[in-house]
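One structure below.
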Amino acid sequence: MEPIISFKNFGFKYTVQKEPTLYGIDLDIYPGQKVLIAGPSGCGKSTLVSCLNGLAPFSYDGEYTGSLTIKGVEARDSSIFARSKVIGTVLQDSDAQFVGLTVAEDIAFALENDAVAVDEMKKRVQDVADLVDVGGHLAHAPHELSGGQKQRVSLAGVLVDDVDVLLFDEPLANLDPATGESAIELIDRIWKDENKTVIIIEHRLEDVLHRGVDRVILMDDGRILADMTPEQLLCSDLLRKTGIREPLYITALKYAGLAVTPDMHPAHIETLTLSEAQKAQVRDWFDRVESPQKPGRGDALLDVQNVSFAYNNGHQALRDISFSIRKGELTAIAGRNGAGKSTMCKLVCGFEKQQQGTILLKGEDSAEMSIKERGEHVGYVMQNPNQMISKVFIKDEVGLGLSLRGKPQEEIDAAVDDALKICSLSPFVDWPVSALSYGQKKRVTIASILSLHPDVIMLDEPTAGQDFRRYTEIMEFLEDLNRSGVTVLLITHDMHLMLEYCDRALVFSDGKLLADDAPAAVLSDPDLIRAASLKKTSLYDLAGLCGIADPKEFTARFIDCDRKARRGV
Amino acid sequence: MTNIFNYIDRKSPVHAMTGASKLVCLLLWSFGAMSSFDPRFLFALFAVALILFKISKIRVADIRFMLWFTLAFCVLNNLLIFLFSPQHGTEIYGTFHEVFRLGGRYVVTQEQLLYHLNVFLKYLATIPIVLLFVTTTDPSEFASSLNRIGVNYKIAYSVSLALRYIPDIQREYHDITLSLQARGVEMSKKASLRSRLKTASGTLVPLILSSMDRIEVISNAMELRSFGKNKKRTWYRYRKFTAWDFGAMLLGLAVLLLSIFLTTFVNHSRYYNPFV
């Protein structure tokens, strides 16, 4: 059989860069295959995607070397439009990819551009919309849809063209765990039913492997490091070397001292088979490791008491919420979109006012405080750093809050120096903000909040849309910050984030606070998981498989052990 | 979030018409109304516009804000005309019938009053039609209509695209100002106008930066789905012309022709002159 995509000694160099980003790529993908491309940030996988769909070199200037043929046509000789008929790309940011005013128009977009007659267009749009289960939402505007629905619309928008290859660029990046799971199931269904070739770029290996893939291509430093089945990959030590997260149950097996071998069928937790001796070894490990210590409780910095809030349109966003945040905690506010997480933060910051209940900041009633005054207790960091930065130079940006409060210049300079030091940005003090990377900009926005010395710093989805390296960089920074005594509150729908980094999770659903517990406990409670659109961890199943009666404790001990390993304790 | 077009979705024959025919009718109607200073004709147009409103099922309550806005503008316009040119009527009609004196050059004449009546009626004759167009035209159908009457589809689509992203950008602006306020920027009425303008310009930098990010993603997404490949494109929201559409365009044409007829054969000028 002829490969549908064939790279032969392929390379790509961006015009603006000195060194090629990709080199020596040899890869054949055959019709009907399902391929996962994984690799750390900067490994070249995004460039590979752009070379496939034609954005490089049509949108990003650069030069091909070697050969890339797509459906038998040398890529050099085909336009971005011709390629889009073979390869349909579902971009990472399905919100920005949504160009139509309604679902129907967005799905029809490619057909409109191909000047397809309107009657035929309407029929095809309806068919494709039904295929991905958005047929009932054709007249809806983008802001009326959930993240998962938007992604389905993006998928429909490329399926409508009857492409041979579906290319998914980090499809899980903006979805909550339960939605991510159904996205993977949907991709699998389309792959099987529609006879498509599927290429998925993702670093969340365990989540993608929820449904099988034929091959995993592991990339590092602009070339292909490995091309093997998921089982082979999981049995190797390549994941650890490239800094990609193994499935949690695999890591747990390794902690227990087991060597992962193909005869265990390690690709999915459902297929994993262990001998009695191996199960006993996991149980031994569980008995051997200590239970994590409960963190000591500090003074309450933020006290939310019986707060209820409804928007002007009558939507009851929060009902009778009570919790308190204590000094030194690293807490996650979790829940799906629309669960009330962001509204809670808006109330704390004073952007909205609750109709009932009290919010105490360091024991003081905040009802009479202005947004500015609250800002001295609670620092709020927005999701997108580009939305916060309003000064050209880093120094001015970080000192903005203080200079607006009329502090003397020496005091500002000292505070800016401190904040930059904490955020490892001291060498850049005189730089313009525009010269920094995304992760560094994020740190600038955090520094600009830290310079005001708030009691609590609150971050909205700090890792949304970030690849694993940036994600790790941001989270480890926040962890260090927390250890240095800063109280941190994170809004997130990322389960791994709360599991791996947070001491405590507040789970919101439909405006109610469903749980206030350790993340390991939250993620071991099936009812809670369903209500909050979370996902059971594979550790829970592994505990069951090995006959460990307390999966919650198993998860907690694993997380504690994993954190210590990461910190090198 | 309200969109600037304020499209109100109701079922009516006016809604069912294509944006193109409504636009043609609006243009012809406006030319007709603008070129005539015959109060009888303008009043008749106003009456017809009211009937159209009735048909369209748009209620006064839906457009109250725009109505007040244009009325205020109309009053201001009339005041300014009188202030700067109190004898404009006399210049036009060539006669002088004094009503009363206000002092100085401000003498109120019948001619001036007739001229003001004309200006006022012009508003009454055109504003309802403009509001009708705005409230009954689906924005994306409008983009397709623009394309149909000869506007390049890339330009027509940019109208639709702007409508798609304006609410997002509004939301983003709102978020940016809130986060700046939390850091200590005073945006309430307590601050002086000057400092508020300065801070407003401060929000522009983040707004532009994040919009630039967005533009790159959008243009890539559009190119990946063949936008700009062909000379022509079709539109999902395309509608066929019906009898109502032809009726609307004929109505517009009739208004223009009647206006020309009145000017050339009845009044022998753009002005109806009862003073000679």
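Relative to the compact-globule scaling 2.2 N^0.38 Å, provide the ratio for the alpha-carbon radius of gyration of segment A:41-94. Show your work: numbers first, answer last.
Values: Rg = 11.1 Å, N = 54, 2.2 N^0.38 = 10.0 Å.
That ratio works out to 1.11.
Show A:Glu206, B:Glu216 ordered by accessible area, largest first, where the area counts protein heavy atoms only and the probe is 1.4 Å.
Working: A:Glu206 40, B:Glu216 95 Å².
Descending order: B:Glu216, A:Glu206.
In bins 5 Å wide, starting from 0, what share of all Cα pairs of segment B:72-151 does each bin hold, as a percent?
3, 13, 17, 16, 11, 8, 8, 8, 7, 5, 4, 0
Any of A:Lys341/A:Lys421; A:Lys192/A:Lys535; A:Lys241/A:Lys536; A:Lys196/A:Lys279 with alpha carbons more than 29 Å apart? Name them for me.
On the way: A:Lys341/A:Lys421 31 Å; A:Lys192/A:Lys535 24 Å; A:Lys241/A:Lys536 27 Å; A:Lys196/A:Lys279 39 Å.
Going by Cα-Cα distance, A:Lys341/A:Lys421; A:Lys196/A:Lys279 fall outside the 29 Å limit.
Report the normalised scattering of segment A:5-239 as log10 I(q)/I(0) at q = 0.12, 0.13, 0.16, 0.17 Å⁻¹, calculated by the Debye formula with identical scatterers on the alpha carbons.
Taking Cα atoms of segment A:5-239 as identical point scatterers yields -0.67, -0.78, -1.17, -1.30.
Name the helices (complete DSSP H segments) of chain A with a Cα length along the long axis of 15 Å or more and a Kyte-Doolittle mean of at least 1.6, or state none.
Numbers: long enough: A:103-113 (16 Å, 0.61); A:118-131 (20 Å, -0.69); A:147-159 (18 Å, 0.03); A:177-194 (25 Å, -0.52); A:276-288 (18 Å, -1.59); A:394-404 (16 Å, 0.69); A:409-422 (20 Å, -0.18); A:438-450 (18 Å, -0.02); A:468-483 (22 Å, -0.84); A:551-567 (24 Å, -1.32).
Helices passing the filter in chain A: none found.
Over its Cα atoms, what ratio of radius of gyration to 2.2 N^0.38 Å does the protein assembly as shown give? All intermediate terms of the calculation are to be shown ahead of the outcome.
Values: Rg = 32.4 Å, N = 845, 2.2 N^0.38 = 28.5 Å.
For the protein assembly as shown, the normalised Cα radius of gyration is 1.14.
Within 10 Å of each candidate Cβ there may be at most 13 other Cβ atoms; applying that plus a DSSP loop requirement, which GluC sites (Glu not before Pro) in segment A:317-386 survive? Each step should come with its number before you reach the end.
Details: sites: A:Glu329, A:Glu352, A:Glu364, A:Glu368, A:Glu373, A:Glu376; in loops: A:Glu329, A:Glu352, A:Glu368, A:Glu376.
Here the GluC sites (Glu not before Pro) that fit, given the DSSP loop and packing criteria, are A:Glu368.
Going by a ≥ b ≥ c, the root eigenvalues of the Cα gyration tensor, does segment B:1-100 fall in the rounded group (a/c under 1.5), the prolate group (a/b larger than b/c) or the oblate group? Before the final figure, lay out the partial values.
On the way: a/c = 2.71, a/b = 1.89, b/c = 1.43.
Because a/c hits 1.5 or more and a/b exceeds b/c, segment B:1-100 counts as prolate.
Per the Kirkwood treatment, what hydrodynamic radius in Å, one decimal, follows for segment A:163-290 from the mean inverse distance over all distinct Cα pairs? Please list the in-between numbers first.
Values: mean 1/r = 0.0621 Å⁻¹.
Across segment A:163-290, the inverse of the average 1/r is 16.1 Å.
Using +1 on the beta carbon of Lys and Arg, -1 on that of Asp and Glu, and nothing else charged, what's the dipole of segment B:187-254 about the Cα centre, debye to 20?
It comes to approximately 180 debye.
Is any residue of segment A:38-53 close enough, with backbone N under 17 Å, to a label point placed 7 angstrom from the Cα of A:Leu225 along the Cα-Cβ axis, and if so, which?
A:38-48
Based on the Cβ-Cβ distance from A:Asp413 to A:Ser182, what FRET efficiency comes out when R0 is 51 Å, to the nearest 0.05?
Working: r = 52 Å, r/R0 = 1.02.
The value I calculate is 0.45.
Are there trypsin sites (Lys or Arg not before Pro) in segment B:203-276 that DSSP marks as loop and that have at most 10 other Cβ atoms within 10 Å, and which are they? Don't jump to the answer; show the numbers that get you there.
On the way: sites: B:Arg214, B:Arg225, B:Lys229, B:Lys231, B:Lys232, B:Arg233, B:Arg237, B:Arg239, B:Lys240, B:Arg270; in loops: B:Arg225, B:Lys229, B:Lys231, B:Lys232, B:Arg233, B:Arg237, B:Arg239, B:Lys240, B:Arg270.
Passing sites in segment B:203-276 are B:Lys231, B:Lys232, B:Lys240.
On the full set of protein chains, 1.4 Å probe, figure out the accessible area of B:Phe84 and give it in Å² to the nearest 10.
150 Å²
At 7 Å along Cα-to-Cβ for each site, give me the label-to-label distance between A:Asp130 and A:Asp550 in nm.
With each label placed 7 Å out from Cα toward Cβ, I get 5.4 nm.
Computed on protein heavy atoms with a 1.4 Å probe, what is the summed buried accessible area for the chain pair B and A, in Å² to the nearest 100? Please list the in-between numbers first.
On the way: alone 17050 and 24550 Å², together 36730 Å².
The B and A chains share an interface burying roughly 4900 Å².
Find the accessible area per residue for chain A; the probe is 1.4 Å, ligands and nucleic acids are left out, and the unit is Å². Mind dumping the intermediate values first?
Working: 22210 Å² over 569 residues.
Solvent-accessible surface per residue comes out at 39 Å².
Nothing charged except the Cβ atoms of Lys and Arg (+1) and of Asp and Glu (-1): what's the magnitude of the dipole of the protein assembly as shown about its Cα centre? Round to the nearest 20 debye.
In total the dipole reaches around 2920 debye.
Express the carbon and sulfur contribution to the solvent-accessible surface of the protein assembly as shown as a percent, rounded to the nearest whole number, probe 1.4 angstrom.
Values: 20770 of 36730 Å².
Ligands and nucleic acids excluded, carbon and sulfur give 57 percent.
For segment B:118-201, treating each Cα as an identical point scatterer without solvent, what Debye log10 I(q)/I(0) comes out at q = 0.15, 0.25 1/Å?
Log10 of I(q)/I(0), two decimals: -0.81, -1.11.
What 222 nm value per residue comes from the helices of the protein assembly as shown, counting each DSSP H run with n ≥ 4 as -39,500 (n - 2.57) and dividing by all residues, nearest 500 deg cm²/dmol? Mind showing how you got there, number by number?
Working: 33 runs with 404 residues, N = 845.
Estimated from H runs of four or more residues: -15000 deg cm²/dmol.
Dipole of the protein assembly as shown (Lys/Arg Cβ +1, Asp/Glu Cβ -1, origin at the Cα centre): which of A:Thr261, A:Val486, B:Leu180 lies farthest to the positive side?
Going by the Cα projections, it comes out as B:Leu180.
Taking the Cα-to-Cβ direction at A:Arg566 and at B:Ile55 and moving 7 Å from each Cα, how far apart do the two end points lie in nm?
About 6.7 nm, to one decimal.
Ordering B:Met212, A:Met495, B:Met187 by accessible area with a probe of 1.4 Å, largest first, what comes out? Walk me through the numbers on the way to the answer.
Values: B:Met212 115, A:Met495 15, B:Met187 45 Å².
From most exposed to least exposed: B:Met212, B:Met187, A:Met495.
State log₁₀ I(q)/I(0) for segment A:153-206 at q = 0.18, 0.25 Å⁻¹ as given by the Debye formula over alpha-carbon point scatterers of equal weight, solvent excluded.
-0.58, -1.10
Specify whether the C-alpha gyration tensor of segment A:75-190 places it in the rounded, prolate or oblate class, a ≥ b ≥ c being the square roots of the eigenvalues: rounded for a/c under 1.5, otherwise prolate if a/b is larger than b/c and oblate if not. Please report the intermediate quantities before stating the final value.
Working: a/c = 1.71, a/b = 1.16, b/c = 1.47.
Because a/c hits 1.5 or more and a/b fails to exceed b/c, segment A:75-190 counts as oblate.
Between A:Glu368 and A:Lys192, 0.36 nm times their residue separation minus their Cα-Cα distance comes to what? Provide the component values of the computation, followed by the final result.
Numbers: separation 176, 0.36 × 176 = 63.36 nm, distance 5.95 nm.
Taking A:Glu368 through A:Lys192 to full extension adds about 57.4 nm, to one decimal.
Could you give P(r) for segment A:279-428, binned at 10 Å from zero, as whole percent values over all Cα-Cα pairs?
Bin by bin from 0 Å, the calculated values are 9, 27, 28, 21, 10, 4, 0.
Please give the charge dipole size of segment A:1-84, origin at the Cα centre, charges +1 on K and R Cβ atoms and -1 on D and E Cβ atoms. Round to the nearest 20 debye.
On the way: 8 positive and 8 negative charges, 37 e Å.
So the dipole magnitude of segment A:1-84 works out to roughly 180 debye.
For A:Ala464 paired with A:Asp26, estimate the spin-label separation in nm (one decimal), with each label point 7 Å from Cα along the Cα-to-Cβ line.
It is 4.4 nm.
Give the range of the longest stretch in chain A that excludes all trypsin sites (Lys or Arg not before Pro) found in loop regions by DSSP and having at most 12 other beta-carbon atoms within 10 Å.
Working: sites that count: A:Lys18, A:Arg297, A:Lys353.
Longest run free of exposed loop sites: A:19-296.
When you look at the Cβ of every residue in A:382-395, what mean number of other chain Cβ atoms sits within 10 Å? Working shown, then result.
On the way: counts 8, 1, 8, 3, 12, 12, 8, 4, 14, 3, 1, 0, 0, 0.
Mean shielding by partner chains, rounded to a whole number: 5.
What's the extension gain from B:Ala16 to B:Asn230 if we count 0.36 nm per residue and subtract their Cα-Cα distance? Intermediate results must be reported in sequence, preceding the final value.
Numbers: separation 214, 0.36 × 214 = 77.04 nm, distance 2.90 nm.
That pair, B:Ala16 and B:Asn230, stretches by 74.1 nm at full extension.
Tell me which DSSP H helices of chain B clear both cut-offs, 18 Å or more of axial length from alpha-carbon atoms and a mean Kyte-Doolittle hydropathy of at least 1.0.
Numbers: long enough: B:19-35 (24 Å, 1.31); B:39-56 (25 Å, 1.90); B:64-84 (30 Å, 1.84); B:110-136 (39 Å, 1.04); B:153-182 (43 Å, -0.02); B:193-224 (45 Å, 0.42); B:243-261 (26 Å, 2.02).
Span-like helices, by this rule, are B:19-35, B:39-56, B:64-84, B:110-136, B:243-261.
Give me the accessible area of A:Asp162, 1.4 Å probe, in Å² rounded to the nearest 10.
110 Å²
Could you list, bin by bin from short to long, the percent of Cα-Cα pairs of chain B in 10 Å steps?
Calculated P(r), rounded to whole percents: 6, 20, 23, 22, 18, 9, 2, 0.
What is the ratio of the Cα radius of gyration of segment A:327-414 to 2.2 N^0.38 Å, where N is its residue count, to two decimals? Walk me through the intermediate numbers first.
Details: Rg = 15.5 Å, N = 88, 2.2 N^0.38 = 12.1 Å.
So the Cα radius of gyration is 1.29 times the expected 2.2 N^0.38 Å.
Leaving ligands, DNA and RNA out of it, rank A:Asp460, A:Asp214, A:Asp263 by accessible area with a 1.4 Å probe, largest first. Mind showing how you got there, number by number?
Values: A:Asp460 25, A:Asp214 60, A:Asp263 110 Å².
Most to least solvent-accessible, the answer reads A:Asp263, A:Asp214, A:Asp460.
The values are calculated or read from the model by the stated rules, or taken from the named source; none is laboratory data. The structure presented is a predicted model; accordingly, all values stated were derived computationally and were not measured. We place every Cβ from the backbone using ideal geometry, glycine too, and count neighbours over all the protein chains shown. Side chains are part of the model used for accessible areas, which takes the heavy atoms of the whole protein and leaves out ligands, DNA and RNA. Shrake-Rupley method; radii C 1.70, N 1.55, O 1.52, S 1.80 Å.
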